[in-house]
1. Anything over 31 Å Cα to Cα? Flag those among K237/K343; K72/K312; K86/K226; K63/K156; K140/K312; K214/K349, in the order listed.
2. Per residue, how large is the accessible surface of the chain? Use a 1.4 angstrom probe and give square angstrom.
3. Leaving out ligands, DNA and RNA but keeping every protein chain, what accessible area does K349 have, in Å² rounded to the nearest 10, with a 1.4 Å probe?
4. Taking all protein chains in place and a 1.4 Å probe, what share, in percent, of the accessible surface of the chain do carbon and sulfur account for?
5. Sorted by accessible area (1.4 Å probe), largest first, how do S287, S248 line up?
6. At 1.4 Å probe size, put H174, H82 in order of accessible surface, largest to smallest.
7. Comparing A337, A17, A110, which has the greatest mean-square fluctuation in the GNM of the chain with Cα pairs linked when under 10 Å apart?
8. From the protein chains alone at 1.4 Å, what is the descending order of accessible area for V107, V158, largest first?
Amino acid sequence: MRLMVSGGGTGGHIYPALAVINELKRQDPDAEVLYVGSHRGIESTIVPDLGIPFEAMTIQGFKRSLSLENLKTVYLFLKSVHQSKKLVRSFKPDVVLGTGGYVSGAVLYAAAKLHVPTVIHEQNSVVGMTNKFLSRYVNKIAINFEDARAQFPADKVVMTGNPRAQEVANIESHFSLSTFKLKDDVPTIMVVGGSQGALKLNQVMVESLKTLAKKPYQVVFVTGPKRYDDVMKQVTKIGAADNISIQSYINNMPEVLPKLAGVVGRSGATTLAELTALGVPSILIPSPYVTANHQTKNALSLVNANAALMIKEADLTTQTLVSAMDELMTDDSKRAAMAAAAKKLGKPKAATEMLALLKEVSQS
Ligand SMILES: CC(=O)N[C@H]1[C@@H](OP(=O)(O)OP(=O)(O)OC[C@H]2O[C@@H](n3ccc(=O)[nH]c3=O)[C@H](O)[C@@H]2O)O[C@H](CO)[C@@H](O)[C@@H]1O
């Protein structure tokens, strides 16, 4: 199979795409893949580092208010469509997959106009702007939340789950927490604000470090690559603790996740697919800055199933954060019940189902 993939801007769009590529390579080692991303998104480093053929274009999103920048956005979109058509003609994909982000809008639109079979994947329960636009043109739409179904043309929708779920579910991890200068035999919780880090969560974590230093559990605090230096400046004043490890970004999350007893995080759709695939109990702090408050909706799907606790960002303080962490990390039976509830929601075959859909569409 010749598969062209496009998805970018943020980890939540990139990792599902990479999971499909891995599953394709597992099933068909001779398959050819081309990943098309944007220059500015983190895919421009993550994808080439994995040795996957990568082409980048310059693209940006629309501003919600009227602005001259939107003229530039239209110009860059049309230019990217033109570039995408060239790439489609030279790579000759059997099928093109889009996993969200502005760049996938141009690539999938171009492929559809050239009558190449196309599929998009929507990770969220509330449909993103790019996928909403593309839904008219593509052949099939893979979803992860039933709530997304009604927002798309009914005959195109297929429930696959999020392919990243399968990638984390099937890994045999040999990771040691000593990599983070922590102990392997002490229950460990990771605090991570999605793929970009979260400002308020970082601030509250810095304020909580002294209290957390006295706890019987360990903490891996992931700041996000752009916020690491800022956090470390403040931590230098407070002093570090033996049971807390501060990292800027985790490159090998599928290997680290199975070693964790819990996660405190945002409720991006791909993160939740990972937590449920593995059955990791969590404390979710939905980002209030996303379209139609979709992270709260995402989080409630776990909270309502007793798989997660939730703290609204407006209520996030040292006190609410640490008491939720204590509740999770000092009560083994509660943690076990939440882990089982989370696992029930997991879709550990999502990558295989997604690939079956791509094959079906490529042959139709
Ligand atoms: C602010 C924003 O617009 N967020 C959106 C974005 O979030 P974001 O990019 O944060 O997406 P998710 O939380 O869904 O996924 C983050 C991904 O990055 C990985 N990761 C994270 C931190 C790290 O150090 N290392 C690492 O590998 C996680 O394991 C996960 O695979 O895309 C998601 C779509 O899927 C949406 O639901 C989110 O609302």
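1. Numbers: K237/K343 40 Å; K72/K312 36 Å; K86/K226 34 Å; K63/K156 29 Å; K140/K312 35 Å; K214/K349 40 Å.
Result: K237/K343; K72/K312; K86/K226; K140/K312; K214/K349 exceed 31 Å.
2. Values: 16400 Å² over 364 residues.
That works out to 45 Å² for each residue.
3. Per-residue accessible area (K349): approximately 140 Å².
4. Ligands and nucleic acids excluded, carbon and sulfur give 53 percent.
5. Values: S287 10, S248 40 Å².
Order by accessible area, largest first: S248, S287.
6. Final ranking, largest accessible area leading: H174, H82.
7. For the chain, modelled as a Gaussian network with Cα springs under 10 Å, the answer is A337.
8. In descending accessible area the options line up as V158, V107.
The values are calculated or read from the model by the stated rules, or taken from the named source; none is laboratory data. Predicted, not measured: the structure shown is a model, and the values here were computed from it. Neighbour counts are summed over all protein chains in view; Cβ atoms, including those assigned to glycine, are modelled from backbone coordinates with ideal geometry. We work out accessible area using only protein heavy atoms, side chains counted, and drop any ligands, DNA or RNA first. Shrake-Rupley method; radii C 1.70, N 1.55, O 1.52, S 1.80 Å.
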